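Take a look at the structure set out below.
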Amino acid sequence: MSEDAVHDSAFLRACRREPVPYTPVWFMRQAGRSLPEYRKVREGIPMLESCTRPELVTEITLQPVRRHGVDAAIFFSDIVVPLKAIGVDLDIKPGIGPVVAEPFRTRADLARLRDLTPEDVPYVTEAVRLLTAELGGTPLIGFAGAPFTLASYLIEGGPSRSYERTKAMIYGDPQLWADLVERLARITSAFLKVQIEAGASAVQLFDSWAGALAPADYRRYVLPASASVFASVAEYGVPRIHFGVGTGELLGLLGEAGADVVGVDWRVPLDEAARRVGPGKALQGNLDPAVLFAPREAVRAKTDEVLAAARGLEGHVFNLGHGVMPATDPDALTHLVEYVHERTAR
Ligand code: CP3
């Protein structure tokens, strides 16, 4: 029963570019610090540890579905979870992000990246199973970090503004770089497969920081590894979403890598994004998450702009142009879901 309901959900229909009763909505980072109920259940539990507790993961993943009535859940985890699971010494520092104890700099560091097996992440399989049982007709999105974004954390040792060490490896030792992203692609593929096999009905590949690269370099140094990730999950037939920030110049390539849905940040209007992506792909986006700090009337006006630009699209999944900011008023998100549903009801 619920399998059919999931298959016919507005979210999956929009991803497949089929007619929908209303435009589906979900938010990147919908689970997290913007919700008081999240802060409560996370109290005293470090981020990475919380990702290994299936009941907690289930509760946190369900919180925004219950509160906002979003059209999809996104699995609560982090892009660095598979790296931690194969033994890379890293942590997520509050207010900072992933920090790697010994950054990757030389060929010898490749030995620290073995393949991931389902046995490395039993808590992921269990949490996805619990979730798909609880979610009923609401689809669950699995996700992983793309090779470039993961490599940037490993090489820089943490968040970065300019990716100078990453670029030093790309341009200075392209063979080492190619070997590194090839290993990361295998790990990412395995992590996505675990989630799909346990019941996730779509996947999103986050190449959050790929916008740091010029298109020619993205095509040469990054696209092949990300394309191998998309190809490796093609057989499951679940929609594959590809997203990065500041990727206006890369939108066509994000699609070319093998995505069914291209995520767009707020810098490019969706009609222009559709021209850049070309036919045969759905788009996801793209309200500026900072707009949610403006008065409700302004949020509605900016939302209308997004919906107007999306009018002629083959498939549209409404989202923010990047993740929900922690200080966002949760009520503003709930109203946004209602507003998009109301304005797009057909
Ligand atoms: O609701 C969801 O979107 C699902 C959960 C999710 C998290 N991280 C939980 C999380 C997802 C999809 C991610 C992906 C992720 N993690 C990305 C790609 C998405 C993007 O934002 O571009 C990236 C780059 C990371 C790495 C990372 N992890 C960062 C930059 C941070 C923020 C650090 C901070 O404290 O501001 C994290 C930590 C993290 N991941 C939090 C959450 C809810 C906050 C930690 C906390 O609540 O203590």
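Of the residues Leu205, Leu135, Leu110, Leu176, which is of a type in the set (A, V, I, L, M, F, W, C) and in contact with a His (Cβ under 7 Å, 6 or more places away or on another chain)?
Within the list Leu205, Leu135, Leu110, Leu176, the selection yields Leu205.
For segment 51-86, what are the residues that are of a type in the set (Gly, Ala, Ser) and closer than 23 Å to Leu205 by Cβ?
Ala72, Ala73, Ser77, Ala85
Please enumerate the residues belonging to segment 84-96 that are touching a residue at least 60 places away in the same chain (Cβ under 8 Å), within 11 Å of the ligand (Cβ to nearest atom) and either part of a helix (DSSP H, G or I) or buried (at least 16 other Cβ atoms within 10 Å of the Cβ) (or both).
Within segment 84-96, Leu90 is the sole residue that qualifies.
Mind checking which pairs have a first residue in segment 107-132 that is more than 30 Å from Ile170 (Cβ to Cβ) and a second that is part of a helix (DSSP H, G or I) and of a type in the set (S, T, N, Q), Cβ under 6 Å, 6 or more apart or different chains?
Going by the 6 Å Cβ cut-off, the qualifying pairs are Ala127/Thr58; Val128/Gln195; Leu130/Thr58; Leu131/Thr58; Leu131/Thr61.
The conditions are (1) crowded, with 23+ Cβ neighbours inside 10 Å; (2) in contact with a Pro (Cβ under 8 Å, 6 or more places away or on another chain), and Glu156 fails exactly one of them. Which is it?
(1)
Restricting to segment 193-233, what's the tally of residues that are among the charged types (D, E, K, R) and over 25 Å from Ile74 (Cα atoms)?
Residues flagged as among the charged types (D, E, K, R) and over 25 Å from Ile74 (Cα atoms) within segment 193-233 amount to 3.
Filter segment 28-83 for residues that are hydroxyl-bearing (Ser, Thr, Tyr) and in a helix (DSSP H, G or I); which is farthest from the ligand (Cβ to nearest atom)?
Thr58
Pairs only if they're at least six apart or on different chains, beta carbon under 6 angstrom, first in segment 237-252 and in contact (Cβ under 8 Å) with a residue 12 or more places away in the chain, second within 15 Å of the ligand (Cβ to nearest atom) and of a type in the set (Phe, Trp, Tyr); list them, first residue then second.
Here the result reads Phe243/Phe206, each pair linking segment 237-252 to a residue that is within 15 Å of the ligand (Cβ to nearest atom) and of a type in the set (Phe, Trp, Tyr).
I'm told Leu292 meets every condition in (1) out of contact with any Phe, Trp or Tyr (no Cβ under 9 Å at 6 or more places or on another chain); (2) outside any helix (DSSP H, G or I); (3) within 16 Å of the ligand (Cβ to nearest atom) except one. Can you identify the failing condition by its number?
So the condition that Leu292 fails would be (2).
How about segment 109-158: which of its residues are β-branched (Val, Ile, Thr) and over 16 Å from Leu192 (Cβ atoms)?
Thr138, Ile155 - these are the residues of segment 109-158 that are β-branched (Val, Ile, Thr) and over 16 Å from Leu192 (Cβ atoms).
Quick check on segment 235-250. Is at least one of its residues farther than 30 Å from Ala85 by Cβ and surrounded by fewer than 19 Cβ atoms within 10 Å (Cβ to Cβ)?
The answer is yes; a qualifying residue exists.
Looking only at segment 17-52, count how many residues are buried (at least 17 other Cβ atoms within 10 Å of the Cβ) and touching a residue at least 60 places away in the same chain (Cβ under 8 Å).
Qualifying residue count, segment 17-52: 15.
With the structure loaded, tell me whether Phe191 is touching a strand residue (DSSP E or B) at 6+ places or on another chain (Cβ under 6 Å), assigned to a helix (DSSP H, G or I), in contact (Cβ under 8 Å) with a residue 12 or more places away in the chain and surrounded by fewer than 24 Cβ atoms within 10 Å (Cβ to Cβ) or whether it fails that test.
In short, no.
Looking at Ile74, Ile60 in this structure, which one is crowded, with 22+ Cβ neighbours inside 10 Å and under 20 Å from Pro239 (Cβ atoms)?
Ile74
Is it fair to say Leu313 is surrounded by 15 or more Cβ atoms within 10 Å (Cβ to Cβ), of a type in the set (A, V, I, L, M, F, W, C) and outside any strand (DSSP E or B)?
yes
Laboratory data are not the source of any read-out in this text; all were calculated from the coordinates shown. Computed from a predicted structure; not experimentally measured. Ideal geometry is used to build each Cβ from the backbone, glycine not excepted, and the neighbour counts take in all protein chains shown.
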